[in-house]
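The values are calculated or read from the model by the stated rules, or taken from the named source; none is laboratory data. Remember, it's a predicted structure, so these values are computed and weren't measured experimentally. Here Cβ is always computed from backbone atoms with ideal geometry, including for glycine, and neighbour counts include all displayed protein chains.
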Number of protein chains: 2
Amino acid sequence: MSSLHAVIMAGGSGTRFWPASRSARPKQFLPLVNGKPLIEATLDRLRGLCADDNVWVATNKKQAKALTRLLPNLPRDRLIIEPEPRDTAPCVALATATIAAVDPTATMIVLPADHAIEPLDAFHSMLRAGVELASDQKTLVTFGIRPTYPATGYGYLQCGSALAGTKLPAFVATKFCEKPNLETAKQFVAQGNFLWNSGIFVWRVEAIRRAMAATEPALATSTTAMLAAIQKQERAACTRAFLQAPPRSIDYAVMEKADTVAVIEAPIRWDDVGSFPALAAIAAPDGEGNIVVANHGGSHLALRSRGNIVYVDGARTVALFGVSDLVVVAVDDAVLVCTKDQAHDLKALVEHVRAAGRTDLL
Amino acid sequence: MSSLHAVIMAGGSGTRFWPASRSARPKQFLPLVNGKPLIEATLDRLRGLCADDNVWVATNKKQAKALTRLLPNLPRDRLIIEPEPRDTAPCVALATATIAAVDPTATMIVLPADHAIEPLDAFHSMLRAGVELASDQKTLVTFGIRPTYPATGYGYLQCGSALAGTKLPAFVATKFCEKPNLETAKQFVAQGNFLWNSGIFVWRVEAIRRAMAATEPALATSTTAMLAAIQKQERAACTRAFLQAPPRSIDYAVMEKADTVAVIEAPIRWDDVGSFPALAAIAAPDGEGNIVVANHGGSHLALRSRGNIVYVDGARTVALFGVSDLVVVAVDDAVLVCTKDQAHDLKALVEHVRAAGRTDLL
């Protein structure tokens, strides 16, 4: 019988929540959900679905130490450390090789560390449906969320003909679409057969390896070499093989080209928490409609101020007076004040910080 | 010959520069002028005018300790400590008694600690003209600034008939006007014979004592009793006498009613630095027109941001992104974000802080 494993991909960079997030303390480390880091919430969410010992966290060297501190209950040998931060395809290859070494017939759930998902039972139902659909040993399962607005910040999955054999609506995935412009997004929503790409996958080890071989042979070769190296406990060989994996996203390298991809319409509320304004989806507003995330002694006061996002960490108070629709972030060594509109483009500010030579803040 | 003394009134509260200013660290303590506190700049400005030993600083118990740390070169016996913070009339009475004990024929310059004044030579000329005018042993000299706009945040002095005998234009002061509304302020500016009240005075000890007796006898009695107590080194008696002085402003108690008040039109640039937006008058803008006061390791970065006021103290960076006309203040335990418009009404926020029970921030 195929064992069920989950791989949490936790190697993201820290641009979109700067200055709270940094290269060594990315978004998934921040206490965004009731004082809990998103990665911890993600781990909690897998409880009751996979055996604890079958949950893996993939990250890079830079973040591994902080991650170990953050997740003291995670066994050290369940940390998959990428030799250097690359895109998701090499990460999936390394995770596949690692799990194949334990059980070559395993079923893998692959999911990001830093999404907000509710409710729990719907999340479990959707993954169980995925496991069922993947049990044919060839289907690569993705999960789509019905759009509530024409988002330009998410990728989309086009649904083709319906698939039988699952308790949830499932379709052949006919197209992966990168983040569209607004006009295209509106068309997607109007057409009704486009879902947001949640970035969560379920597949059998043998299915993803076969799909890699068909779509991106270098990735399959790298996976096979890493598996051999892991079995022989040759760390240097594993690193060499990892570095030969093409630095692409798994969507681009495999999923878009594979011919056995299914999409399950997931009955969850889902948010990728892609920027400070997204906190409105996961944190409660104060009496004046300001969203506040305050931790480690942080607090806030607001007068004549509405619709702001406040993130405060450490023993300090953020006071708002007569301001609206701002993002205010206060951490030990930095304070950010920006408009909610601009918060989506925080990358530009981070580039400015870099150009100003302030790498101490990155 | 009358000796020349100066009394710097440094007992102001910390409301208008909150959270940088606090009750124990009022505005004049803040490093607002090229990293220098306003009170230090005020002391520097008196150099070459009064003997160092004739410069006094009046403050209250709460601020005395911090003031001593801030001004290590000020002799301890030149600190005039008000037993409790009251208005300016009791402060002037105590200062008058203190100086009278040294020289009953002294000439006194009385000036606030927390104004920005330039240039130095014009400031000295104006005070020398005041000393000359006060040498008749009866004139109380005030200094007026020609308004550059119909300010509603300043008091005004009405100029009557011209006075001879000074190198600068001088007039009989016919009226003291409290902060006017905008319409009245416009009338004042249009009439041409109204000047801003700088809050700086020059008089002989005997002249102010005589004016007190004529306008506010309880103040004169308190002064006489304090003088006697100081001469006998009876501190408790001095405190008792201080507490009998009516808690009013010197303008209201004496100046408005005295009949020997002159106003010299002062050829200085003057600002009472009454709120964060006033920093524009004393600090230089960055490339994007943001006014920045950064001290003790503080710094700032701005992108797509114009016309903001930034005050940052301590090892932190304030980053502005896409915001305009805000006041952003970042100190160890607090961050304030407000509009420039609201900054004039910071008192309301401070009351809110008090009502929220956050006296730790006051």
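Structure values in brief
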{"item": "Boolean, A:A302 is over 20 Å from B:L349 (Cβ atoms) and either more than 7 Å from chain B (Cβ to nearest Cβ) or modelled with pLDDT of 95 or more (or both)", "result": "no"}
{"item": "Where A:E288 falls short, out of the listed (1) outside any helix (DSSP H, G or I); (2) in contact (Cβ under 8 Å) with a residue 24 or more places away in the chain", "result": "(2)"}
{"item": "Residues being surrounded by fewer than 21 Cβ atoms within 10 Å (Cβ to Cβ) and either within 7 Å of chain B (Cβ to nearest Cβ) or closer than 19 Å to A:A278 by Cβ (or both) - total across region A:305-321", "result": "4"}
{"item": "Residues (over 26 Å from B:E351 (Cβ atoms) and more than 7 Å from chain B (Cβ to nearest Cβ)) located in region A:322-338", "result": "A:V327, A:V329, A:V331, A:D332"}
{"item": "Residues being more than 24 Å from the chain's Cα centre (by Cα) and among the aromatic types (F, W, Y) - total across region A:310-362", "result": "1"}
{"item": "Set A:A302, A:A280: member being farther than 24 Å from A:M9 by Cβ and assigned to a strand (DSSP E or B)", "result": "A:A302"}
{"item": "Helices (runs of 4 or more DSSP H) within region A:161-238 that include 1 or more residues in contact (Cβ under 8 Å) with a residue 60 or more places away in the chain, in contact with a strand residue (DSSP E or B) (Cβ under 7 Å, 6 or more places away or on another chain) and surrounded by 14 or more Cβ atoms within 10 Å (Cβ to Cβ)", "result": "A:205-215"}
{"item": "Among (1) out of contact with any strand residue (DSSP E or B) (no Cβ under 7 Å at 6 or more places or on another chain); (2) farther than 15 Å from B:V323 by Cβ; (3) within 9 Å of chain B (Cβ to nearest Cβ), the one test that A:D341 misses", "result": "(2)"}
{"item": "Residue in region B:288-295 that is more than 14 Å from chain A (Cβ to nearest Cβ) and under 22 Å from B:D345 (Cβ atoms) present", "result": "yes"}
{"item": "Residue among B:K27, B:K65, B:K61 that alone is charged (D, E, K, R), touching a Phe, Trp or Tyr at 6+ places or on another chain (Cβ under 9 Å) and in the same structural domain as B:I99 (by TED's automatic domain parsing)", "result": "B:K27"}
{"item": "Residues of region A:308-327 that turn out to be in contact with a Phe, Trp or Tyr (Cβ under 9 Å, 6 or more places away or on another chain) and either farther than 16 Å from A:G287 by Cα or outside any strand (DSSP E or B) (or both), as a count", "result": "2"}
{"item": "Subset of region B:68-125 [free of Cβ contacts under 8 Å to residues at least 12 places away in the same chain, assigned to a helix (DSSP H, G or I) and farther than 28 Å from B:K167 by Cβ]", "result": "B:T68, B:R69, B:R76, B:D77"}
